[in-house]
Amino acid sequence: MDPMLQGLMALADPSLLILLVIATLGGVVIGALPGLNATTGAALLLPFTLTMEAIPAIAVLTAIYCAATFAGAITAILINTPGTSASATTCLDGYPLAKRGEAGRALGLAVISSTVGGVLSVMCLMLAAPLLARAAYQFSPPEYFALTLFGLSMLATIGDGSPIKNLIAGALGVFLAVVGVDNLTTVERFTFGSHELYDGIGFVPVMIGIFGISELLVQSNALDTIRERVVMKAVKLPSKADYKKVWKTILRSTGIGTFIGILPAEGATVASMIGYNEARRWSKTPEEFGHGAIEGIAGSEAANNAATGGAMVPTLALGIPGSATAAVILAGLMVHGIRPGPTMFTEQANFAYAIFWSMMFVNVLFLFIGLYGAKLFARITLVPTQILWPCVFIFSVVGAYALEQSMFDVWVAIASGVLGYFMRRYGFSVVPLAIGLILGGMLEQRFGQSMVMLDEKWWLMVTRPLTLFFLILTVLALFGPSIWKRIFNQGSQRI
Amino acid sequence: MSDSSVHRSRESWLIAFLIVSFCSAAIWLSLSFEKMPPILKRGIQPSDFPQLVCACIILMTVYMVWRDPVRVVEPMGSKTFGSLLLMVLFVAVCSIDLFLALALFAVCLSIYWGERRPAYLAFLGFVVPFIVFFLFDQVFKIRFPRGWLTNMWYG
């Protein structure tokens, strides 16, 4: 049977469907809670998937990813606080529209745009991931090394942080990945004689720490924030006139979101910003943006949900995370003994397609959850911070412990949380640290393999066309923006 | 120069110093790694890659100090400092019992952050740890470290 159909058959299992419904509801709750986002949610719930089979486990994580990304719009529209950073641009027009008494219309538009963006991007994922994987079959260690390096170089452009600080954080993650016994030579590195460090620093406790515990410390500074909540009567489906006005924006943002998602390390936040800006640029009424323009909501929401499907393309086809949440999902794949990469589409094609179909199911499911449950989920924002974050801490600690049943992992999670807090305090993003930790091992392994293959003449890498291509992309990712800025500034000075 | 800019500048130097010191220490430690004979080293020595990464971090830190110095994005409030201290307390109480430490931390943090309602505090101190313990123990078959409270269940 065709693997695509076999993957679809996996959804015929009622227990998986029930699990996906629960995970989607959980994802919506996580996304609706200010401070919690898809990445934190996936990291906190990863230990819950340990006893599951691989398909339900990863399907649950992807469901949380998709649903939480969508649900950020609920708080963005109703309390002017994005539930996730990917919904920050939704606030700009969603909240003004809600204040005008059109909260239901704004949420309806967000739901429809998110669903269309999500469904179309999963379709792209189904088509693009196997093609990319087939192309990746041509790759040998030097190409993989250059590609992984390119993935790391893209860290420079994530978020609105400083590129150099992102790169330092990413390199720190790569450094943490070398702790433990070297797989190639069995030499101990930075273990200090501690047997807990022989297998290296675990991905899961670090992610729980830097995303969960560090956020607790950040939230301790925001206890006095007063949120004004808009009362909503009911979610309304967009009118015919609304559809006419936004359909092009939704399709454009879906394309943008999917493309941005496919780029290694770039996620829904960047996608929503570009989607929103492009919606304004193409709009016939750009002056309405910031005052309740429906194209603004559609542009932002379609793009951020499309990025979730896009981000899974490099994650599954190449083993390079497309976003921070995809990095957590990648850690989940590794924990379940699944090695993402080109072979996944030949040796575990059923698994890959089961994940794609479950993502499709979740994207359709939150259409109904959004339309019928948004009013209820909006009430979740009323959960006091003083109750929510102690609970998050309990789940963080127990989750960190559960994977290896080791208190050492709890200390790693707490230490990572404190490190993450101080990194954020000084303007370093924690996302590059997570991605660097995931990619560090791969980078070293492929570098070593390349050196063996090229007889220790590393400079021969540039004689291989594909390797050279990825190395050029790496240089462009690192220096392109500053060169472009310089050229642009000189041009504008001449004018 | 204003006081705040002096403060920022000091922190900027301090962070750069910490990063460079950490990487220098890592490079120094890596010098003691076992060297493999050419036939076994598989392309690179075990110390090569960490040294390369640390050297890159040092170079980038120097660039950061020059072009984009560290600034405090958000000053640390007293609540954050107190929360950090509560984490230290949590680590200390963990040696007695993990769930006792979790319940204590949750209640203390909540009170410290301004919660005063007894029902909510009881929920955090009793209900949540109880549910989490039995969920992981019974459903996920996770065995927690022995302590004053967990011994009551494990016997």
Is the stretch B:75-90 home to any residue that is within 19 Å of B:Gly147 (Cα to Cα), free of Cβ contacts under 8 Å to residues at least 60 places away in the same chain and within 7 Å of chain A (Cβ to nearest Cβ)?
-> yes
Residue check, B:Leu86 against (1) outside any helix (DSSP H, G or I); (2) surrounded by 15 or more Cβ atoms within 10 Å (Cβ to Cβ), all met but one. Which one?
-> (1)
When the stretch A:389-423 is checked residue by residue, the ones that are of a type outside the set (Val, Ile, Thr) and farther than 19 Å from B:Leu85 by Cα are A:Phe395, A:Gly399, A:Ala400, A:Tyr401, A:Ala402, A:Leu403, A:Glu404, A:Gln405, A:Ser406, A:Met407, A:Phe408, A:Asp409
Which of (1) under 15 Å from A:Gln405 (Cβ atoms); (2) facing chain A (nearest Cβ under 10 Å); (3) of a type outside the set (Lys, Arg) is the odd one out, the single condition B:Asp137 does not satisfy?
-> (2)
When only residues in the stretch A:387-404 that are more than 23 Å from the chain's Cα centre (by Cα) and modelled with pLDDT of 90 or more count, which is farthest from A:Ala103 (Cα to Cα)?
-> A:Tyr401
Scan of the stretch A:2-15 for residues that are under 16 Å from A:Asn363 (Cβ atoms) and assigned to a helix (DSSP H, G or I), ordered by number | A:Gly7, A:Leu8
Cβ pairs under 7 Å, 6+ apart, first in the stretch A:133-149 and in a helix (DSSP H, G or I), second surrounded by 21 or more Cβ atoms within 10 Å (Cβ to Cβ) and charged (D, E, K, R) = A:Pro141/A:Arg446; A:Tyr144/A:Arg446; A:Phe145/A:Arg446; A:Thr148/A:Arg446
Test: residue in the stretch A:331-339 that is under 29 Å from A:Phe259 (Cβ atoms), more than 12 Å from every other protein chain (Cβ to nearest Cβ) and without any contact (Cβ under 8 Å) to a residue 60 or more places away in the chain | yes
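Looking only at helices (runs of 4 or more DSSP H) that fall completely inside the stretch A:383-461, which ones have 2 or more residues that are in contact (Cβ under 8 Å) with a residue 12 or more places away in the chain, closer than 11 Å to A:Ser214 by Cβ and at the interface with chain B (Cβ under 9 Å from one of its Cβ atoms)? Even if it seems obvious, please write down each step before you answer.
Values: elements: A:385-404, A:407-425, A:431-453.
Qualifying helices (runs of 4 or more DSSP H): A:407-425.
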Of the residues in the stretch B:100-127, those that are more than 8 Å from chain A (Cβ to nearest Cβ) and touching a residue at least 24 places away in the same chain (Cβ under 8 Å) number 3
Within the stretch A:277-302, restricting attention to residues that are open to solvent by 10 Å² or more (accessible area, probe 1.4 Å) and hydroxyl-bearing (Ser, Thr, Tyr), which residue is farthest from A:Gly101 (Cα to Cα)?
-> A:Ser283
Would you point out which residue out of A:Leu365, A:Leu382, A:Leu388, A:Leu439 is farther than 20 Å from B:Thr80 by Cβ and surrounded by fewer than 19 Cβ atoms within 10 Å (Cβ to Cβ)?
-> A:Leu382
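The values are calculated or read from the model by the stated rules, or taken from the named source; none is laboratory data. If you're wondering where the values come from, they're calculated on a predicted model, not measured in any experiment. In this analysis, Cβ positions are derived from the backbone assuming ideal geometry, glycine residues included, and neighbour counts consider all displayed protein chains. Only protein heavy atoms, including side chains, enter the accessible area calculation; ligands, DNA and RNA are left aside. Shrake-Rupley method; radii C 1.70, N 1.55, O 1.52, S 1.80 Å.
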